[in-house]
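Below is one structure, written out as structure tokens; comments come after it.
The values are calculated or read from the model by the stated rules, or taken from the named source; none is laboratory data. This one's a predicted model, so the numbers in the text were calculated from it and none came from an experiment. Here the Cβ is made from the backbone with ideal geometry for all residues, glycine too, and neighbour counts use every protein chain on show.
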Amino acid sequence: MKRGVSTSSTVDARPFADARRASARYLFWGFVWLAVVLVGLKAYYLGSIGALGSDTRSRYLSWLTATSSNDVVFALATWSLGGASLLMVGRWKAGRRIVLGGFLLFSAFACLYAVANITMFGLFGGFLTYPLLELVGDIRMVRSSLVAHLTPRVSLGLVGVPAFYIGLVVVTEKAVALRSIRRWRTAVIAGACCAIVWAVCGEYVYAREWRTRQDRRIAENSHWVLASSWWRTLHGSGSVRLVDRFAPTDLLDFEPPGTQAAPPTLVRAASTRRGAMERSLQRPPNVILLVLESVAARWTSLGGNQYETTPALRAEAAQSLVFDSFYAHIGRSSNSLAAMLLSAYPKFSFRDLTEEYPRLPGTSLAASFGARGYRTAFVTPSDLSWAGWDSFLAGRGFGEVRDFHRLPCSEPVSSWGVEDRCMVDDMLRWIDEEPNRPFFLMGWSQQTHHPYEPTPGVPLLQLKREPVADEYDFERYLNVLHETDRHIGRLFEALRRAGLDKDTLVVVTGDHGQAFGYPHDSYMQGRTVYEEDVHVPLMFWYPRLYRVAARSKTIGSHVDIAPTIAELTGLPIAPDWQGRSLFDARRAPRAYVYVAEDQFRLGVREGNWKYIFDLREGVDELYDLDRDPTEQRNLARLEPERCARLRQRLAAWTEANRRHYEGLSQPAKSPDDRRVGS
């Protein structure tokens, strides 16, 4: 009798064991193919290995582990959770089906969500967060960007990848023989070990090679980014939102002055200026616009700063007007070029504007001078093929455009180009060709760009004054800036010797700042909107008008350079320029900045206040720059009303930016269009 009962129990147990093992196999193959899909999408981001250079190709596998290790951990955690749920339901047949179906549906959705995030990574510089998803319904700029990326190819990926995943799981479970317990255990152990080894190797490579890369957020797991941001939003304090509601008059900050009623203009020292303009009728003033690559106001000798890096500029400030609160809109040279040359706010994008819109409509400052009979030229010791600068500058009114390929100089000091000395030499040569004809000359240095390669044979000075984290690069940077300043001093002296100093306006500014780990934990450029990244020098050297040193606390930004130069030289201000002359009484006391790299933040400087809003995290910051110039004390919680008002101004900026670029023709295709998201 007992033996009969035992036999019956064994018979009953076999179907249950077989069903449980079948469910476990589905979970196993679901884990395997989920990991493969997620790793494959990161491989798609990195690009086809055959299209990469030999040096990059040799490191492709290690880079793939670095960017996908968190995805493999996510797949492993999903599998573990599914297995635990399967044990919990025990003999409940319907429960096993619910667990299995839920696991496969969740994993398929995870594939879909991963495709969507790879698509959006280039737009937002990171994966989607809960606060950012909330913006889709509130901010039309974000909604329009998402819709623009929903191409047929992306739609196919969003549908096809999850369906292909489900098909692979079902087919593999049926086709691969893992019926025996021994084979099954071997497969499970091998799969888990491979996942763990992949994750450990990936974390090691990430720490060594990817930690400081601008696209390092691609190594995150998009699903965890969403879940953690939702949890922080739900349980955290201080989470805020950017919405469409703002006063219609807030849009006036971004409308070209030509579209508004024109009250009288108030210019500082107006009588002196009128006398200067009367004398200028005898000879139109020459204009030199000199842009210093990666130079923040903080690291120069202007403004009483502690660094002895630009003694020539400090000396020339005796016949100049220096602005103490001037800003680059973003730490990206291409976007600064468009803002200065066309007086147009850059598009909120993670791409270089020169590459995205090589034919961006707008009145070029160079073309405006050319129409008045000026000679015009653009000179840089860098390579203009980078980010499509050569295409962008074509047709912008420059009679000559010269980069390091056309400069009679030595070998390049770095992959970016030759010494800044070569640029100054070529500028002087060009001026000497027709010294009696008025000219507009734009120069753009490069040696202060990373890797800050010093000029061979020039001894390094001890210029560091603060405890920065990156002392080696910082010391090199300060020395290169000092050497570039020496050659700029040669330019001023040459103008005096030629008798052109009374007839020439020289404008010196920086395209953006540069960070070295102090006073914030940020490096290089374009990663924050703190002062070291966006506060740049601006000096107007004009002995005809400024016979003694003058300073201004007027707040301005790159879009204001063209109309200010136009006003000082008597040039008509183009009706499509979005900036204002820095002498215009109508201008608002504000400057707008943003960052689109591993962060997505907007900022506005108004008076002594600087407000920053993080669109990805829904967090805001507020600083009183008069009392806290290094932005160490966040006052956002103490000033909620001020934050809310400045956030409205940022909302107005996003709407104005959307309207401006939405009406333009389709941008040029990105090199990344071969990836998911094209």
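If I ask for residues that are touching a residue at least 60 places away in the same chain (Cβ under 8 Å) and part of a strand (DSSP E or B), which ones from the range 371-418 would you list?
Scanning the range 371-418 gives ARG375, THR376, ALA377, PHE378, VAL379, SER382.
State which residue pairs qualify: first residue assigned to a loop (DSSP other than H, G, I, E, B) and inside the range 502-529, second residue of a type in the set (Phe, Trp, Tyr) and surrounded by 24 or more Cβ atoms within 10 Å (Cβ to Cβ) in any location, beta carbons under 6 Å apart, and separation of 6 or more residues or different chains.
So the pair list comes out as HIS520/TYR530.
Within the range 572-587, is even one residue crowded, with 20+ Cβ neighbours inside 10 Å and among the acidic types (Asp, Glu)?
Yes - at least one qualifying residue is present in the range 572-587.
Here are some residues: ARG605, ARG647. Which one is buried (at least 24 other Cβ atoms within 10 Å of the Cβ) and not hydrophobic (A, V, I, L, M, F, W, C)?
Matching residue, one of ARG605, ARG647: ARG605.
The rows are residues; the columns are (1) modelled with pLDDT of 90 or more; (2) more than 20 Å from the chain's Cα centre (by Cα).
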position: SER445; (1), (2): yes, yes
position: HIS450; (1), (2): no, no
position: PRO456; (1), (2): no, yes
position: PRO459; (1), (2): no, yes
position: VAL480; (1), (2): yes, yes
position: ARG490; (1), (2): yes, yes
position: VAL506; (1), (2): yes, yes
position: THR528; (1), (2): no, no
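Only residues that are at pLDDT 80 or above and surrounded by fewer than 20 Cβ atoms within 10 Å (Cβ to Cβ): list them for the range 49-72, please.
Matches in the range 49-72: ARG59, TYR60, LEU61, SER62.
I'm checking my understanding of the structure. Among residues of the range 29-48 that are touching a Phe, Trp or Tyr at 6+ places or on another chain (Cβ under 8 Å) and under 12 Å from VAL115 (Cβ atoms), which one is modelled with the lowest pLDDT?
So the residue we want is TYR45.
Identify, by number, the condition in (1) part of a loop (DSSP other than H, G, I, E, B); (2) buried (at least 21 other Cβ atoms within 10 Å of the Cβ) that PHE613 doesn't meet.
(1)
Whether any residue in the range 469-486 is within 22 Å of THR376 (Cα to Cα), in contact with a Gly (Cβ under 9 Å, 6 or more places away or on another chain) and assigned by TED's automatic domain parsing to the domain that holds TYR592 is what I want to check.
Within the range 469-486 (the criterion being within 22 Å of THR376 (Cα to Cα), in contact with a Gly (Cβ under 9 Å, 6 or more places away or on another chain) and assigned by TED's automatic domain parsing to the domain that holds TYR592), the answer is no, since none of the residues qualifies.
As an exercise: evaluate ARG586 against (1) among the charged types (D, E, K, R); (2) under 29 Å from ALA315 (Cβ atoms); (3) in a loop (DSSP other than H, G, I, E, B) and give the number of the one condition it does not meet.
Tallying (1) among the charged types (D, E, K, R); (2) under 29 Å from ALA315 (Cβ atoms); (3) in a loop (DSSP other than H, G, I, E, B), ARG586 fails exactly one: (2).
Let's see how each residue does on (1) in the same structural domain as ALA377 (by TED's automatic domain parsing); (2) assigned to a helix (DSSP H, G or I); (3) modelled with pLDDT of 90 or more:
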position: SER228; (1), (2), (3): no, yes, no
position: SER239; (1), (2), (3): no, no, no
position: GLY258; (1), (2), (3): yes, yes, no
position: ALA262; (1), (2), (3): yes, no, no
position: ARG268; (1), (2), (3): yes, no, no
position: GLY275; (1), (2), (3): yes, yes, no
position: VAL291; (1), (2), (3): yes, no, yes
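Take PRO563 and tell me if it is in contact (Cβ under 8 Å) with a residue 12 or more places away in the chain, surrounded by fewer than 20 Cβ atoms within 10 Å (Cβ to Cβ) and farther than 18 Å from SER320 by Cβ.
In short, no.
Look at SER415 and say whether it is touching a strand residue (DSSP E or B) at 6+ places or on another chain (Cβ under 8 Å) and either within 20 Å of GLN514 (Cα to Cα) or aliphatic (A, V, I, L, M) (or both).
no
Kindly list the number of the only condition in (1) at pLDDT 85 or above; (2) under 27 Å from the mean Cα position of the chain (by Cα) that fails for THR249.
(2)
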